Amino acid sequence: MPPKRPPPLPPSLFAPSGPLAPGSAPLPPSPSTIHPEYIIDAHSFPDRPTTDPSPIFGGLREDFPRPPVKSAVQVKMNVSAEPAQAILGVKPFSIHPTILNLTLATPPSITNIAKGAVDIIVPSTAPMTEKEWDLLEEAVNALDGTGVMQSLNGKSDGMEVDGPSPVGTGGKIVISGLMPPPITAPSTKLVHDEAYNLHISRLTQLSLHANVFIKALPPVIDTKAVSVGEWRSDRQELERVLRMYLSPAIEAFGTHRIIFGSATALPLKDLANATLADTALVQPIPSDEWYATLRRCSAALGEETEAVTAIMGANAMSVYGLHTPPQTFTMPAAPMSDDEKIPALAPFKDTPAGVI
């Protein structure tokens, strides 16, 4: 017996005064009105001390609000270094990440468990290969307790964990260097790029670990490996590329597992040394403009205030146990400018000039 067809909807629903009348749905908020309630800079380095929070707001329109910077997370590669210096006018929380050596056959020892969180830096200057993704996956599996780490004494066949084991404790794994990866091509070529599709596929696979977080950090470009073109200095094009990475990252991890930081995964000199490759690295979006860029890209993808606040501060607060109470503030109304009027995401074709 064929299934019964549902009854037709009454025409009154589509009448000019009906709930389904054309144009009756509320418009989404303008990207220019979406701002976080507060900020935590979760990735900065000791060589950038300052007591003035304004450097983080470079590139932000004058009429946009400057949310309070509640805290900061300082990356210290030397555990015996001086105590954390004030950053952005606040005393930071220090982390000592483990750099994933992509040339090794086995994952490294992990020595940086702090407050139940483990930080790993992926020092890539080019798109990761399958082998490198496998190495990262092994490291995460070991820390997650679903792979080679099975014993309670913190030892494993391929990895050693110094200190308390995060297995069964709800420990979080924070990975830097994946969002975005090193940029290699403009948006028109990226969608057909094998390395891009591999990145999205493996990033989605990585997101299946519920305790894995990724940091959204300023991108880098290896000018020796990337074809010459004006797109490398075109901010609108760079932001189109960023949205092509950010959109699937949000789809896979959700906005509750992405963490804002203002510095690259490693300083450019250290990043080049870590890879032992002949590189000429540049940072196309300065650290002081990264907050404005990431906020604009997130809002352009349709994320609202709660989600943007999570990325910019709330997730770092939760992961690192900073326990800083959020403060709300009244944001001045800002008219929607022409450069904010963009579609949610249009990565597969050129976007007209005058948009983000």
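Here SER233, SER262, SER247 are screened, and the one residue that is more than 26 Å from GLU37 (Cα to Cα) and not acidic (Asp, Glu) is SER233. Selection of the range 127-153 for residues being at pLDDT below 90 and in a loop (DSSP other than H, G, I, E, B) yields GLY145, THR146, GLY147, VAL148, MET149, GLN150, SER151, LEU152, ASN153. Checked against (1) over 17 Å from PHE260 (Cα atoms); (2) at pLDDT 85 or above, ILE95 passes all but condition (1). Does ASN211 satisfy being closer than 26 Å to ALA263 by Cα, modelled with pLDDT of 95 or more and under 21 Å from the mean Cα position of the chain (by Cα)? It is false that ASN211 is closer than 26 Å to ALA263 by Cα, modelled with pLDDT of 95 or more and under 21 Å from the mean Cα position of the chain (by Cα). Can you find even one residue in the range 208-226 that is without any contact (Cβ under 8 Å) to a residue 12 or more places away in the chain, out of contact with any Leu (no Cβ under 6 Å at 6 or more places or on another chain) and either hydrophobic (A, V, I, L, M, F, W, C) or buried (at least 18 other Cβ atoms within 10 Å of the Cβ) (or both)? Yes: one or more hits. Are any of the residues in the range 246-269 in contact with a helix residue (DSSP H, G or I) (Cβ under 6 Å, 6 or more places away or on another chain), surrounded by fewer than 22 Cβ atoms within 10 Å (Cβ to Cβ) and at pLDDT below 95? There is no residue in the range 246-269 that is in contact with a helix residue (DSSP H, G or I) (Cβ under 6 Å, 6 or more places away or on another chain), surrounded by fewer than 22 Cβ atoms within 10 Å (Cβ to Cβ) and at pLDDT below 95. The set of residues from the range 14-66 being modelled with pLDDT of 90 or more and farther than 18 Å from THR293 by Cβ comprises GLU37, TYR38.
The values are calculated or read from the model by the stated rules, or taken from the named source; none is laboratory data. Just so it is clear, the structure is predicted and the values come from calculations on it, not from any experiment. Glycine also receives a Cβ, built like all others from the backbone with ideal geometry; neighbour counts cover every protein chain displayed.
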